[in-house]
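Let me begin by presenting the structure, written as structure tokens, before commenting on it.
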Amino acid sequence: MNTSLFASYNYFFDFFSLALLSLPLYFALPSPVMRRWLLTFTGMYLLYFIAPRLLLFYLIFWGMTYLLQNLVARFSKGRFALPVLLATILVILSPMLLWKIIGNDFVVFFNLITNQGVQILSEWLWEVDLIRKIIIPLGISFAAFRAVDLLIKTYVGRISTLSFDRVFFYGFFPPVQMVGPIIEYEEIQLQGDSRLPFDPQDFFEGCKRIASGFFKIFLLAYWLRESANIFGSYSTNHVWKNWADLFLFTWNFYFNFSGYSDIAIGSARLFGFVLKENFSYPYFKRNIQEFWNHWHMSLTRFAQRNIFVPLGGYRPHTQHRAIMATMMVIALWHDITWSLVLFGLFHGIGLIVHRLYTGGVKRASVPRWHDHASRLATYLYFSISFPLLFLPVNKLPGFYLSLIGLQG
Amino acid sequence: MPFMKPYQPTLWGILRIAVWACLFLYLFGIFLPEPQPTRTDPVDTGRPDVVPMKLEEGDLKWVRKKPELPSNHATIAWVGDSSAKVSGFDPITRTRVIQALPTQVMNLLDRNYNNKLNMLFYYTLARREAETYALLLEAISQKPDAIVVTLNPFWVYNQYAIAQADSLFGTTLNNRGLNLDHLIFSSLLVYPRDTVYSLVGNSFRLFRDNLGYHRLFVHDASTSAIRTSSEKPDKLMDVYFKYPLDFWLDMGGKWHGDRVRKLMRVSNPERAYWNQYFLRLELERLSESGIPTFIYLAPVSPELMTDQADADGYFAVLNALQNQFANSPPNIKFELRIPPEITASIKFGDLYHYSDSGMLPDFIASQIQNTLGVNIEKISH
């Protein structure tokens with residue numbers, strides 16, 4: 001997985017600082033349009049503080065999304081509809097794909113070209129941009145999938161063509177610019193189109209959720225932080241330490257990831273937006289299908305809507321192909337590496353085997369020991385695949401051998 | 001739990017929670033143990049009356065409080081960067097300082113002022129003009145009898161380096177008054193979180209002494225919590241992620257001398273809008289304060305002049321400064337061209353760091369003594 005030196009918590013600290021002004025102002029504004037623009041400008045301003053070049057990139061990205069959505073709507077009926085949709089999706093995904101395939105060279109290109117763009121617009125902002133850190137295209141994986149979701153929903157007629165300000169509102173919605181969940185437009189549509197008054201209940205729930213996120217990140221994940229060294233030290237560790245660190249690291253990763261989701265969901269709730277959940281106790285599920293329905297749920301929902309169903313996931317003769325394609329998209333969303341191809345295959349096979357075993361039918365009741373054993377087995381199955389998210393393929397044999405005491 | 005009613009918040013209820021939270025934080029600050037005092041930037045002054053003022057990176061207070069100094073002593077504030085230090089210091093590896101230039105100057109002034117001078121040394125490495133302005137505000141706020149400002153020819157008009165990205169100079173702006181300039185400055189350069197931290201920090205010790213408490217309780221939570229992978233990024237990119245200047249000027253891995261030469265070549269005084277703006281603000285604030293001020297451009301090694309492009313860059317900076325300071329107020333004395341015999345006496349470790357400051361301390365001491373006329377009356381009582 002790509003590592004980033006960007007600290008998401010600083011993004012949220014900036015957001016909360018601005019919220020001291022923007023939250024009362026939001027509820028004081030008389031029209032939904034003004035409210036949408038307030039949140040849009042807040043999102044833009046937050047990107048500006050990461051780097052003006054990142055803001056410029058996203059202005060172009062979401063401007064392009066607006067144009068492409070119109071293009072998809074215009075060609076939605078007729079024989080060119082599908083090719084147009086696929087072409088627009090490719091355009092939207094291209095920055096993310098280039099970054100994941102080319103890596104550092106793309107980062108260099110991305111920073112140079114966007115910085116030059118800022119210079120053309122304003123020398124003052126260009127000088128500010130020069131003191132900001134070199135960045136990877138932060139948030140692009142989330143933004144790209146949100147944009148693709150918008151295009152596909154326009155194509156199938158679930159969403160009518162959005163106005164410019166609505167696309168920007170969706171694109172720059174501050175809580176989810178840098179972290180998950182990958183929201184759908186409908187999640188913010190109702191509140192975004194209304195002028196509901198301030199609800200203390202929402203505010204309270206939002207605060208609780210944010211506190212829960214910080215608790216997970218700065219206490220629980222921090223407490224388990226040493227386990228993150230496992231992929232650097234496995235060759236010298238005792239086999240039991242490797243197992244222990246592997247399990248602890250799965251929790252460290254979960255607390256970090258779900259903690260940020262909590263903060264994002266809570267931040268949106270402060271403004272009255274109720275976002276769908278992103279994690280729901282995934283390590284306590286009875287089978288791998290349940291696991292994937294409760295781990296990074298927004299990504300799973302995206303893949304189910306846009307990959308699994310269109311490829312015939314509910315038809316007997318095409319379901320296995322659809323499962324494999326869905327898991328491959330979920331895996332490669334993280335990064336495009338051979339390890340992640342193996343991760344997709346591993347979980348695709350797991351889901352297919354599970355489906356063959358159960359016949360797709362949920363069992364009504366099972367003995368308690370069976371229930372516990374299932375949960376443990378599911379967690380173990382995921383934990384064993386966990387190194388695939390982090391290690392390059394050439395280091396995998398060494399790592400797995402170290403788990404059975406044959407390395408080091 | 002079935003016997004507990006779920007809490008139904010009201011606006012008034014939320015306000016009450018906020019008030020109680022503030023009260024709790026305030027009391028928490030009172031009863032918490034005193035944290036370790038944070039360190040100042042690494043500068044060895046060697047004298048208790050030459051006081052380093054800038055606190056280490058990450059401390060929300062940014063500069064330390066005024067130390068308790070005898071009231072019958074005169075105070076000089078010196079806003080300097082690495083060129084205000086002498087010898088033995090490698091700015092890249094941050095190894096030990098041998099002596100600070102202000103210390104050498106104070107050693108000379110002792111004779112004439114009967115050891116009744118104090119120096120507040122606002123020192124920071126690779127100081128950019130945004131920091132110069134903010135440190136100058138801090139220096140002025142201490143109401144010193146005189147101010148010395150060292151300008152660095154490599155940074156003063158450098159468009160590529162108007163501020164250090166993680167600087168906390170928002171603290172200074174919050175404390176030193178709200179005006180249109182500070183609003184522009186803050187809204188475009190200061191992270192919103194820093195503005196709020198520093199505002200909150202004025203009332204809550206828990207925030208004000210953030211770094212001390214951070215060390216006491218948490219150590220290095222921030223970075224470890226986020227970097228979950230042990231996989232190291234590519235080395236060159238790692239440098240670039242940390243030091244954007246190396247990336248923009250393609251300087252990764254280059255020798256220090258080549259790096260600063262490049263800095264000089266890319267300095268474009270005519271288009272350095274932010275730096276011009278900062279310099280204008282510095283002059284305005286100094287003019288308002290009326291404090292006698294000596295500003296000098298740090299001498300550079302004659303080696304810089306061996307390359308025509310570098311020499312052109314240097315003279316462009318010099319000319320721009322002369323133009324900008326042309327109508328400066330009477331309380332400010334500029335010395336943009338240090339006399340050649342002074343420069344000739346200096347031994348340079350590189351292009352602008354000194355291994356032997358030669359007659360430079362004498363020159364600065366004489367400027368403080370003669371030109372600024374530091375309050376002799378105050379000292380003699």
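The values are calculated or read from the model by the stated rules, or taken from the named source; none is laboratory data. From a predicted model like this one, the values you see are computed outputs, not experimental measurements. Quick reminder, even Gly has a Cβ in these numbers, built from the backbone with ideal geometry, and neighbours come from all protein chains shown. Quick note on the areas: whole protein, heavy atoms, side chains included, nothing else; ligands and nucleic acids left out. Shrake-Rupley method; radii C 1.70, N 1.55, O 1.52, S 1.80 Å.
For chain A, the relative contact order works out to 17 percent when only alpha carbon pairs closer than 8 Å and six or more residues apart are counted. Direction-averaged projected area, Cα convex hull, chain A: 22.4 nm², rounded to one decimal. Among residues other than B:ILE364 with Cβ under 12 Å from its Cβ, the summed charge is -1 (Lys and Arg +1, Asp and Glu -1).
Could you state, as a whole-number percent, how many of the C-alpha pairs of the range A:337-402 are farther apart than 19 Å?
Working: 965 of 2145 pairs.
Taking all Cα-Cα pairs of the range A:337-402, the fraction more than 19 Å apart is 45 percent.
Two-decimal Rg/Rh of the range A:111-259 from alpha-carbon positions, Kirkwood Rh?
Values: Rg = 21.1 Å, Rh = 19.5 Å.
Here the Rg-to-Rh quotient is 1.08.
Contact order, relative form, for the range A:137-267: 32 percent (alpha carbon pairs under 8 Å, 6 or more residues apart, mean separation divided by residue count). When the alpha carbon coordinates of the protein assembly as shown are projected onto the principal axes, the ranges are 97, 64, 61 Å, largest first.
Stokes-Einstein at 4 °C, 1.567 mPa s, Kirkwood radius from Cα pairs: D for the range B:311-363 in µm² s⁻¹? Once the numbers are plugged in, D ends up at 101 µm²/s.
Projected over all directions and averaged, the alpha-carbon convex hull of the range A:199-279 occupies 5.4 nm². Based on protein heavy atoms only, the range A:8-195 ends up with 38 Å² per residue of surface accessible to a 1.4 Å probe.
What's the average, rounded to a whole number, of partner chain beta-carbon atoms within 10 Å of each residue's beta-carbon in A:125-138? Display every interim value, and only then the final one.
On the way: counts 1, 5, 13, 6, 2, 13, 15, 2, 8, 10, 2, 3, 0, 0.
Average per residue, whole number: 6.
Remark: spin-label model distance B:ARG16-B:LYS66 equals 4.5 nm, labels positioned 7 Å along the Cα→Cβ axis.
In percent, rounded to a whole number, the relative contact order of the range A:199-279 is 51, using alpha-carbon pairs under 8 Å and six or more apart.
Putting +1 on Lys and Arg Cβ atoms and -1 on Asp and Glu Cβ atoms, find which of A:GLY266, A:SER233, A:ASN278 reaches farthest to the positive end of the dipole of the range A:199-279. Going by the charge dipole, the pick is A:SER233. Only one residue of B:ALA21, A:VAL107, B:VAL266 has its Cα farthest out toward the positive end of the dipole of the protein assembly as shown, where Lys and Arg carry +1 and Asp and Glu -1 on Cβ, and that residue is B:ALA21. Each Lys and Arg Cβ is given +1 and each Asp and Glu Cβ -1; about its Cα centre, chain A then shows a dipole of about 1200 debye.
Ignoring everything except DSSP H segments at least 4 long, calculate the 222 nm mean residue ellipticity for the protein assembly as shown; use -39,500 (n - 2.57) per segment, divide by total residues, nearest 500. Don't skip to the end; give the middle numbers.
Values: 35 runs with 437 residues, N = 789.
Helices in the protein assembly as shown give a 222 nm mean residue ellipticity of -17500 deg cm²/dmol.
With the convex hull constructed from alpha-carbon coordinates only, the range A:8-195 shows a mean projected area of 11.2 nm² over all directions.
Computed over neighbours whose Cβ is under 14 Å from that of B:PHE315, the net charge equals -2, Lys and Arg +1, Asp and Glu -1. Placing +1 on the Cβ of each Lys and Arg and -1 on the Cβ of each Asp and Glu in the protein assembly as shown, which of A:ILE89, A:PHE49, A:LEU190 has its Cα farthest towards the positive end of the resulting dipole? Ranked along the dipole, the leading option is A:LEU190.
Assuming charge only on the beta carbon of Lys and Arg (+1) and of Asp and Glu (-1), the dipole of the protein assembly as shown about its Cα centre is about 3100 debye to the nearest 20. Ordering A:193-203, B:281-291 by mean Cβ neighbour count within 10 Å, with the highest value first, yields B:281-291, A:193-203.
Going by average Cβ neighbours within 10 Å, how do the peptides B:140-150, A:265-275, A:381-391, B:67-77 rank, with the highest at the top?
On the way: B:140-150: 21.1, A:265-275: 23.0, A:381-391: 19.0, B:67-77: 16.0.
Descending mean neighbour count gives A:265-275, B:140-150, A:381-391, B:67-77.
Would you give the gap between the C-alpha center of the range B:134-158 and the C-alpha center of the range A:101-136, rounded to a whole Å? Going from one Cα centre to the other spans 31 Å.
Note on the range A:203-337: Cα-only Rg and Dmax are 17.7, 51 Å. Beta bridges assigned by DSSP with both partners in the protein assembly as shown are antiparallel in approximately 20 percent of cases.
When Cβ neighbours within 10 Å are restricted to other protein chains, what is their mean count per residue of peptide B:192-200?
On the way: counts 12, 11, 4, 4, 7, 2, 0, 2, 1.
Partner Cβ neighbours, averaged per residue: 5.
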